[in-house]
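The values are calculated or read from the model by the stated rules, or taken from the named source; none is laboratory data. Not measured: the values here are computed from a predicted model. Because the Cβ atoms are built from the backbone with ideal geometry, glycine has one as well, and the counts that use them run over all protein chains shown.
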Amino acid sequence: MAYNGDCDPAARAGPARTAIKLLVAGGFGAGKTTFVASVSEIEPLTTEETITAASVGTDDLTGVGDKRTTTVALDFGRLTLDERHILYLFGTPGQDRFWFMWNELSEGAYGAVVLADTRRLEDCFPSLDFFERRGTPFIVAVNEFDGAHRYAPEEVRSALDLDPGVPVVLCDARDTRSATSALVTLTQHLISAASAAV
């Protein structure tokens, strides 16, 4: 999807811009909203709502600490790489009842970061299965929450039964440099996958 700056007269004279759509996925409470906000150069669009008594029995809050809000649609952020390339980040909702949105959000995406929370590692399996079925390249970023047990990337790879070619990195979704590093790893993975397909 290319953006040519039609709404911006100053941009018309410049080179055409290429939009790169990436997804940030993972289980409920894995840190998707925080990740998008950490790397976005604009005020991110979020659809966070307060968790109420109505979610009891629907949302499993085990292991997510004092989480008080939840994404009910998507998160959106933007990051300009250079004058020609812009990343658009879409954070997916984590609860099962919002899965109907995933196909539409994934349309046109180049790849995805799947955030894993070692306190609830099994919660990222649906995301992994989804991207594997669609053939969408992805990496796993282990969001290291305060107080959570630390695991080496290869331990997480083994626990998730990942293909050896899927990168696994450690990150802190709150830290811009750490989250950006995960995006760099995804970009490198996408380039490698594209080269291998030629």
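Which residues, taken from segment 13-34, are within 18 Å of TYR110 (Cα to Cα) and hydrophobic (A, V, I, L, M, F, W, C)?
Hits for segment 13-34 are ALA19, ILE20, LEU22, LEU23, VAL24, ALA25.
In segment 88-104, which residues are surrounded by fewer than 20 Cβ atoms within 10 Å (Cβ to Cβ) and either among the small types (Gly, Ala, Ser) or at pLDDT below 95 (or both)?
Scanning segment 88-104 gives GLN95, ASP96, ARG97, PHE98, TRP99, PHE100, MET101, TRP102, ASN103, GLU104.
So which of ALA53, ALA30, ALA37 is farther than 28 Å from SER181 by Cα and either over 17 Å from the mean Cα position of the chain (by Cα) or at pLDDT 55 or above (or both)?
ALA53
Let's see how each residue does on (1) touching a residue at least 40 places away in the same chain (Cβ under 8 Å); (2) acidic (Asp, Glu); (3) more than 21 Å from LYS21 (Cα to Cα):
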residue	(1), (2), (3)
ALA112	yes, no, no
ASP123	yes, yes, yes
LEU128	no, no, no
ARG134	no, no, no
ASP146	no, yes, yes
VAL156	yes, no, yes
VAL166	no, no, no
LEU170	no, no, yes
ARG177	no, no, no
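Out of VAL184, VAL142, which single residue is out of contact with any strand residue (DSSP E or B) (no Cβ under 8 Å at 6 or more places or on another chain) and among the hydrophobic types (A, V, I, L, M, F, W, C)?
Selected residue: VAL184, the only one of VAL184, VAL142 that is out of contact with any strand residue (DSSP E or B) (no Cβ under 8 Å at 6 or more places or on another chain) and among the hydrophobic types (A, V, I, L, M, F, W, C).
For segment 127-167, give me the residue count where each residue is modelled with pLDDT under 95 and part of a strand (DSSP E or B).
The qualifying residues number 0.
Which of the following residues is assigned to a strand (DSSP E or B) and over 19 Å from ILE42 (Cα atoms): LEU190, LEU170?
Every option except LEU170 fails the conditions.
At pLDDT below 95, surrounded by 13 or more Cβ atoms within 10 Å (Cβ to Cβ) and among the hydrophobic types (A, V, I, L, M, F, W, C): does that describe ALA193?
yes
Exactly one of these conditions fails for PHE138: (1) more than 29 Å from ILE42 (Cβ to Cβ); (2) surrounded by 13 or more Cβ atoms within 10 Å (Cβ to Cβ); (3) touching a His at 6+ places or on another chain (Cβ under 9 Å). Give me its number.
The one condition PHE138 does not meet is (1).
Looking only at segment 18-48, how many residues end up being assigned to a helix (DSSP H, G or I) and not charged (D, E, K, R)?
Within segment 18-48, residues that are assigned to a helix (DSSP H, G or I) and not charged (D, E, K, R) number 7.
Looking at (1) buried (at least 17 other Cβ atoms within 10 Å of the Cβ); (2) closer than 22 Å to LEU190 by Cβ; (3) modelled with pLDDT under 90, which is the only condition LEU81 fails?
Of the numbered conditions (1) buried (at least 17 other Cβ atoms within 10 Å of the Cβ); (2) closer than 22 Å to LEU190 by Cβ; (3) modelled with pLDDT under 90, the odd one out for LEU81 is (1).
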